[in-house]
Amino acid sequence: MKKLLGDVTFSKKSFTNLDAVFKEFDKKEFLALVDRKRSNQVNQTLFQLIQDQPEPCFLLAPVLEFIERVGSANILEHYVFNSFELWLNHCSTLSFDDNYRIRAKIAGKFVDRGEYTALFPIGLGKVFEGTHFVTAHKSPDLDTTVASFWGWLDAFAARVGDGMHVWNVPGGPPASQIEIDLIFRTIFGPAVFTHLVKTRSALHVTGSDLMNRKGMLLKELTGQISEIDHDRDQVAAILVDSQGYYLGDWRSIDVEGVRDVILLISTCLRWFENHLNLRFLEIFAKETLHFTDIEPSLASLFNLKISECDPAKEFTKKQAKKLIDFLVLVLGLSNGLETTFDELFRVIGNGYFQGCTQITSSPLLKNLFDAKGALIGSRPQIMGFLEKAVTTLNQTVIKIRKGLEGLDIALKIKNEVFGHYPTYVSVRSDLEEIKNKMGSHPYLTVNYPDKNQMYPVGVIHASDIHKNILGTVSLRDFCNREEMSIPSYLEVISVIDHHKSTLMTSTPPFAIISDAQSCNALVAKQAFIINDRNSLGGMQAEAIDKQLLEEMTSNTASSTRMTQKLLRRRLVAKTKGQFYVYSEREFIEYLHFLYAILEDTDLLTKVTPVDVEVVVELLNRMKSITLGYETEICSIDNIPKDKYFAKKAAAQILQNEDLYSLYRKVYDYREKEVELNMQLASEGKASNFFADTKEQNGCCRIGQTKMFANNISFFEKKADAIRKVWIEKAKAVYKDRSNIVLHIHMMSTIVSAEDVYKGIVAKPIHKDELWIWIPTDDLAVERLKAFLNAFQNSSGLKNNPIEVEFWGDEKGELERIFKESFPRVPYTHTESPYSIAILRYNPGSLNSRKAMVAPFLPN
């Protein structure tokens with residue numbers, strides 16, 4: 001049997017021995033690890049699985065399966081694709097080239113980075129700072145979903161930014177599209193929309209986007225203040241416990257204040273050391289000395305209160321307050337300055353000096369006296385003891401001071417004495433929170449939550465958040481900041497669009513804005529450029545040479561084109577070296593583009609020459625890949641390039657059996673889906689009937705529902721109920737957002753797949769419709785008038801017999817407005833508590849919301 005393109009299936013791709021890997025993750029020893037260590041081990045395992053896979057390969061599906069399985073097995077919380085990229089960038093220690101190679105294996109395309117200048121402005125090795133977003137537009141359709149997906153995958157592979165690469169589809173993928181299951185979930189698994197995509201309605205950066213590990217230094221509390229030199233090393237010192245959990249930060253601004261407190265207690269200790277030395281001299285200078293005389297003499301000094309020493313008497317009130325807080329809050333000496341030196345040494349002596357008792361029980365001292373306590377030591381013995389005592393005391397004070405300068409004491413002083421408790425942000429903190437917390441700090445630690453604790457994953461430097469640009473964006477299928485509420489700190493660097501565009505950037509972006517019905521026609525052309533310089537199209541070098549000889553004997557246009565392609569492939573075979581484009585990735589890419597073009601052109605009923613030419617090229621490339629040799633299954637050479645070229649070419653292409661094998665299963669499903677959604681919508685239940693609705697120009701709301709000829713009779717039964725539901729929705733939107741005053745919905749008919757394939761042109765048995773509702777508002781009336789006056793110039797209305805039906809009161813406001821703009825149009829009236837205008841026109845004639853309606857909407 002001849003295998004058609006619609007019969008091509010994709011086997012599930014998984015890493016080998018994956019069950020064995022997850023058995024290791026299920027062991028008690030692994031599960032007992034702290035989250036940080038489990039996370040590192042999981043990422044290291046995924047990296048190794050990718051690394052072990054031979055090239056060429058396309059590993060996105062198995063990577064997503066691994067990531068989804070980590071979550072479903074509760075091995076890690078919140079583990080998504082970006083979690084692995086975060087590890088890849090900041091924790092893997094891979095070089096840029098090795099990182100790039102891993103990305104290529106995931107993306108299925110390993111090419112010289114300069115090739116991606118066909119999509120992004122990254123020439124001369126440029127890497128943009130921060131996270132790179134590739135986003136679809138709001139109320140996403142298949143066209144923008146596909147274009148943004150491949151834009152993201154190429155950006156990820158090219159490493160456009162030094163941060164993460166985020167694919168964003170506002171609100172999630174279009175729920176009513178069968179292609180979402182067919183070409184996304186079936187091929188890449190469900191995780192593509194649960195663990196990969198973001199669904200933000202507005203773009204913004206978070207802690208994970210702004211963080212880096214530049215100058216990041218983790219220090220346990222066993223270290224010393226002196227070990228960290230902020231001025232010399234420009235470090236961001238983060239204090240952690242033995243498990244690596246976050247305790248606080250040690251910033252340069254903390255050093256002076258903490259050392260001031262340590263200096264206060266050290267001054268008192270030095271004073272005590274000097275007086276203890278003098279006390280020893282006084283004791284041994286006595287003419288007669290008994291052992292029992294020593295303890296009272298020393299005890300009188302040790303029992304002296306800190307407040308009674310000379311330095312303490314000279315402290316200012318502020319200094320005294322600091323020292324009291326240190327003694328009470330840090331050392332736990334509740335008496336503060338009324339603490340005796342003996343009590344102080346018992347706390348800070350750390351086991352090597354316990355105060356007065358330790359001296360009086362010293363064997364060296366006891367050896368100077370006989371059993372009755374009389375002094376028997378000679379002058380040299382006495383002097384030796386004094387020398388030893390003075391030296392030991394000095395070393396003890398030094399040890400104590402060193403202990404006081406430990407990071408554990410320093411952190412307590414910072415927290416308890418000065419009240420400077422840890423200030424940090426999480427990976428999910430937004431820019432506003434980061435700026436508020438940053439204050440005068442030179443940096444903030446970015447922490448990742450692990451149950452009730454946090455561990456540091458990076459830092460955000462103050463200088464970074466005050467830059468004009470904090471990240472970059474690529475736009476697919478639209479080109480303005482307002483559509484996605486893109487903030488000024490995100491720079492748009494890449495645009496592929498087929499609409500009217502409004503964009504200002506500080507640097508020249510890569511931009512393609514062209515006349516095509518589908519954005520993916522333009523995206524596909526750029527993919528061709530990269531693939532033609534790196535892909536063999538599923539062929540072997542020997543097969544290329546063999547077919548090249550055969551084609552060169554023919555003189556047809558088709559053979560000439562194939563000869564050109566084969567020569568390109570031959571050049572690639574000779575020069576590609578280690579570079580590759582994996583053939584299955586290339587086929588899937590083309591399949592996505594093709595389905596998106598078919599959907600956005602309503603099965604090629606509204607096309608430009610670009611659209612049809614790209615569809616032909618996609619079909620021929622896909623067939624060549626499946627067969628393993630260059631072929632053309634579709635050609636439009638016979639159609640003259642006149643003003644009817646696109647329409648005639650589309651009709652001919654749609655009768656290609658390979659293309660029919662692709663679109664028939666989608667359209668058969670859609671016919672059933674449309675009817676189901678009609679039923680649900682008529683009952684006011686949740687459905688996808690109004691899913692394709694957009695707010696535009698700040699005052700308009702316009703939607704479109706596409707149905708098939710086979711759905712018409714069912715629609716006519718449910719139409720009134722559906723219209724009433726739509727009006728109630730419009731009223732609810734207006735109540736919530738009073739600026740949205742013009743509400744429009746299009747009901748458009750699509751020809752069935754079978755009729756298209758057979759070339760049957762059915763006689764119209766119904767009319768397509770456009771519904772209009774406005775509130776009773778003067779501004780709404782002005783907006784409607786402006787729209788109707790401009791709308792008369794739409795190409796979809798030329799030579800198109802229009803009828804208008806009004807619901808509501810006789811001679812209502814809507815009827816008056818319409819008769820001013822369309823005086824020679826037949827009107828009918830239906831009594832109803834609802835007010836609506838229903839325009840009816842030939843089916844399929846007003847088929848493009850973007851080209852035939854949206855340009856005439858008021859601002």
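The values are calculated or read from the model by the stated rules, or taken from the named source; none is laboratory data. Since we're looking at a predicted model, the values are computed, not measured. Glycine gets a Cβ as well: all are built from the backbone with ideal geometry, and neighbour counts include every protein chain shown. Note: areas computed on protein heavy atoms with side chains; ligands, DNA, RNA excluded. Shrake-Rupley method; radii C 1.70, N 1.55, O 1.52, S 1.80 Å.
Suppose R0 equals 22 Å; then what is the FRET efficiency for Ala543 and Thr575 from their Cβ-Cβ distance, rounded to the nearest 0.05?
The pair Ala543/Thr575 has a calculated efficiency of 0.80.
Write down, largest first, the equivalent ellipsoid semi-axes of segment 1-70 in whole Å, where each equals the square root of 5 times an eigenvalue of the alpha-carbon gyration tensor.
Each semi-axis is the square root of five times an eigenvalue, giving 32, 12, 10 Å.
Mind pulling the angle between the C-alpha long axis of helix 541-551 and the longest principal axis of the chain? Nearest 10 degrees, somewhere in 0 to 90.
Helix 541-551 and the main axis of the chain meet at about 20 degrees.
For segment 146-204 and segment 473-546, what is the centre-to-centre distance using only Cα atoms, to the nearest Å?
15
Ala650: net charge of surrounding residues, Cβ under 12 Å, Lys/Arg +1, Asp/Glu -1, itself excluded?
Residues close to Ala650 contribute a combined charge of 0.
If you place +1 on the Cβ of every Lys and Arg and -1 on the Cβ of every Asp and Glu, how big does the dipole about the Cα centre of segment 692-827 come out, in debye to the nearest 20?
Here segment 692-827 has a charge dipole of around 220 debye.
Hey, what does the equivalent ellipsoid look like for segment 70-171, semi-axes from the Cα gyration tensor as sqrt of 5 times each eigenvalue, largest first, whole Å?
So the equivalent ellipsoid measures 22, 21, 12 Å along its semi-axes.
Which one, Pro442, Ser848, Ile178, is farthest towards the positive end of the dipole of the chain when Lys and Arg carry +1 and Asp and Glu -1 on their Cβ?
Ser848
By how many nm would the segment from Lys648 to Lys366 grow when fully extended, if each residue of separation counts as 0.36 nm and the alpha-carbon distance is taken off?
89.9 nm
With each run of n ≥ 4 DSSP H residues scored as -39500 (n - 2.57), what mean residue ellipticity at 222 nm is computed for the chain after dividing by its residue count and rounding to the nearest 500 deg cm²/dmol?
-14000 deg cm²/dmol
Assigning unit charges at the beta carbon (Lys, Arg +1; Asp, Glu -1) and nothing else, what dipole magnitude in debye, to the nearest 20, does segment 602-749 show about its Cα centre?
Computed about the Cα centre, the dipole is about 760 debye.
Along the charge dipole of segment 295-386, Cβ charges K/R +1 and D/E -1, which of Leu344, Asn303, Ser378 sits furthest on the positive end?
Toward the positive end, the furthest listed residue is Leu344.
Hey, with R₀ at 41 Å, roughly what FRET efficiency would Lys785 and Ser506 work out to, going by the Cβ-Cβ distance, to 0.05?
With R0 = 41 Å, the Cβ-Cβ based efficiency is 0.55.
Rounded, prolate or oblate: which fits segment 756-820 when a ≥ b ≥ c are the square roots of the eigenvalues of the alpha-carbon gyration tensor, with rounded for a/c under 1.5 and prolate only if a/b beats b/c?
prolate
With viscosity set to 1.002 mPa s and temperature to 20 °C, compute the Stokes-Einstein D of the chain, Rh being the Kirkwood radius across alpha carbon pairs; µm²/s, no decimals.
65
At a Cα cut-off below 20 Å, give the lysines reachable from Lys672, other chains included and same-chain residues fewer than 8 away excluded.
Candidates past the 8-residue exclusion: Lys685, Lys706, Lys717, Lys718.
Can you tell me the FRET efficiency between Ala732 and Asn452 if r is taken as the Cβ-Cβ distance and R0 is 41 Å, rounded to the nearest 0.05?
Plugging the Cβ-Cβ distance into 1/(1 + (r/R0)^6) gives 0.45.
Tell me, how many Å apart are the Cα centres for segment 421-465 and for segment 799-859?
56
With all protein chains present, how much of the accessible area of segment 547-669 (probe radius 1.4 Å) comes from carbon and sulfur, to the nearest whole percent?
53
How big is the charge dipole of the chain about its Cα centre, in debye rounded to the nearest 20, if each Lys and Arg gets +1 on its Cβ and each Asp and Glu gets -1 on its Cβ?
For this selection, approximately 460 debye.
Contour minus end-to-end for Ser201 and Glu387, with contour as 0.36 nm per residue of separation and end-to-end as the Cα-Cα distance?
Taking Ser201 through Glu387 to full extension adds about 59.2 nm, to one decimal.
Regarding segment 1-133, what's the average projected area of the Cα-atom convex hull, expressed in nm²?
Result: a mean projected hull area of 11.3 nm².
With the radius of gyration and the Kirkwood radius both derived from the Cα set of segment 143-269, what is their ratio Rg to Rh?
Checking Rg against Rh, the ratio lands at 1.26.
Only sites in a loop by DSSP and with at most 13 other Cβ atoms within 10 Å count here; which trypsin sites (Lys or Arg not before Pro) in segment 610-705 make the cut?
Hits after loop and neighbour filter: Lys641, Lys643, Lys685.
Expressed in whole Å with the largest first, what are the equivalent ellipsoid semi-axes of segment 256-313 derived from the C-alpha gyration tensor as the square root of 5 times each eigenvalue?
30, 11, 8
Across 5 Å bins from 0, what is the distribution of all Cα-Cα pair distances for segment 712-843, in whole percents?
Values per bin, smallest distances first: 2, 9, 18, 22, 19, 15, 8, 4, 3, 1, 0.
For Glu551, what is the net charge nearby, where nearby means another residue's Cβ is under 14 Å from its Cβ and Lys, Arg count +1, Asp, Glu -1?
+2
In whole angstrom, and with the biggest value first, how far do the Cα coordinates of segment 801-859 range along each principal axis?
Principal extents (Cα only, largest first): 33, 28, 22 Å.
Give me the compactness ratio for segment 634-744, meaning the Cα radius of gyration over 2.2 N^0.38 Å.
1.45
Write down the accessible area per residue of the chain in Å², having rolled a 1.4 Å probe over the full set of protein chains.
In whole numbers, the chain has 44 Å² accessible per residue.
If every alpha-carbon in segment 502-612 counts as one equal scatterer, what log10 I(q)/I(0) does Debye give at q = 0.10, 0.13, 0.22 1/Å?
At q = 0.10, 0.13, 0.22 Å⁻¹ the computed log10 ratios are -0.42, -0.67, -1.15.
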